[in-house]
Amino acid sequence: MQKNKIYVVLLLCTLMFNAFTQNKTPYVFKLQDKYAKKTIRKYLEHDTLLKTSGAIIHISYSSQLNKPYLLLIHGMGGNARTTWSSQIKELSKSFNLILPDLIYFGESTSLSGNYSVEFQVEQIHEAISSLGIQQPINVLGFSYGGLTAAIYNQLFQSSVKKLIIMDGPVKFFSAEMADSIANSVGIKGLNNIISPTTIEGFSALQKLAVSSEFNFPKRIRRKIVNYYFLPYKEVRDKQMNYLIDKKEYYQSLNYNLDKTTTLLIWGGRDGVIPISVGNALHNAYPSTTQMVVFPKAKHDAHFKATKKFNKAVINFFLN
């Protein structure tokens, strides 16, 4: 029995070494993306690129009769298929899912140089309209996608049936709060946590956002940073800087939250967008918002508490 344990440990060590010592794309990311693509193909009928007035949007979706539509908007940490990989199977039973890659993420591109959230929303709305979807849709956004979902409701409220904002920097998230969060983990600027270029920044991101600790060796952390974050640093900084420049404007909006039935989902230990932001939203719009808190989750409730999260989403949109 002891020998078997030793063999398992050696095998895992070998796999980890192979996974992170590739010359190009680390093998572990190839496996992750392969799994995500397989999930998309299995549960969603369509996967395509749509040309809009200002971008090319990569979008996966289904269009079955007698199912309501649900738009899922990811955050800055990845693309649509990887962010929602734990939701696709379960949510597709009840909804026609619409999964776009935000512009400058995944396979969605633009030559416009426009880094505003409004541009994201306008192009996604245009892509959805081109699919012939006429009825109001449900919208769920996570993190930066939570703000994008709120702006969607601001610009196209008549097209939104119900809304979920999950850990989103909406209205009550401030530049001062961002600086305080970065300082609390010894990093200068939230930019360098959201899009880290150092292993210290990556470790800070883990500490603030991830509920389960993964003590990767420095060599592996460096490979993750080099593959997953460095290539996109310039674009992410431009997106973050846009939000900072427009902070007063975004804090002035009400996002039509007084008109749209909205569920706020938060991780009780979220270190990126503190739960105080969600509480402030709920207090500001008590008649139209509900709030669900996952006490043990950080900025990752959809992974930390997948079954409960999926159940909460389905119950809210269908009831």
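The values are calculated or read from the model by the stated rules, or taken from the named source; none is laboratory data. What you are looking at is a predicted structure, and each value in this text was computed from that prediction instead of being measured. When we count neighbours, we look across all protein chains shown, and the Cβ atoms used for this are built from the backbone with ideal geometry, even at glycine.
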**Q.** All positions within the range 103-113 that are at negative phi and either buried (at least 23 other Cβ atoms within 10 Å of the Cβ) or not hydroxyl-bearing (Ser, Thr, Tyr) (or both)
**A.** ILE103, PHE105, GLU107, SER108, LEU111
(Q) I need the full set of residues from the range 155-208 which are among the acidic types (Asp, Glu) and not in a helix (DSSP H, G or I), in order please. (A) ASP167
Q. Which residue, of SER116, SER129, is surrounded by fewer than 20 Cβ atoms within 10 Å (Cβ to Cβ) and either in contact (Cβ under 8 Å) with a residue 60 or more places away in the chain or touching a Cys at 6+ places or on another chain (Cβ under 8 Å) (or both)?
A. SER116
**Q.** the range 225-242: number of residues that are modelled with pLDDT under 90 and under 18 Å from the mean Cα position of the chain (by Cα)
**A.** 1
Q) Restricting to helices (runs of 4 or more DSSP H) lying wholly in the range 246-319: which have 1 or more residues that are among the charged types (D, E, K, R), surrounded by fewer than 14 Cβ atoms within 10 Å (Cβ to Cβ) and without any contact (Cβ under 8 Å) to a residue 40 or more places away in the chain? A) 247-252, 306-318
Q: Answer yes if at least one residue in the range 156-169 is in contact (Cβ under 8 Å) with a residue 60 or more places away in the chain, touching a Phe, Trp or Tyr at 6+ places or on another chain (Cβ under 9 Å) and farther than 20 Å from LEU72 by Cβ, and no otherwise.
A: no
Q: Considering only the range 18-49, state which residues are farther than 25 Å from ILE164 by Cα, surrounded by 12 or more Cβ atoms within 10 Å (Cβ to Cβ) and either at pLDDT 90 or above or of a type in the set (Phe, Trp, Tyr) (or both).
A: PHE20, TYR27, PHE29, TYR35, LEU49
Q. Going by the structure shown, is ILE73 among the hydrophobic types (A, V, I, L, M, F, W, C), closer than 21 Å to SER195 by Cβ, at pLDDT 95 or above and in contact with a Ser or Thr (Cβ under 6 Å, 6 or more places away or on another chain)?
A. yes
Q. Do we find a residue being touching a residue at least 24 places away in the same chain (Cβ under 8 Å), of a type in the set (Gly, Ala, Ser), crowded, with 16+ Cβ neighbours inside 10 Å and closer than 30 Å to PHE95 by Cβ anywhere in the range 199-206?
A. no
Q: With respect to LYS218, determine if the residue is without any contact (Cβ under 8 Å) to a residue 60 or more places away in the chain and farther than 18 Å from GLY78 by Cα.
A: yes
**Q.** Filter result (under 18 Å from the mean Cα position of the chain (by Cα) and among the hydrophobic types (A, V, I, L, M, F, W, C)) within the range 191-203
**A.** ILE193, ILE194, PHE202
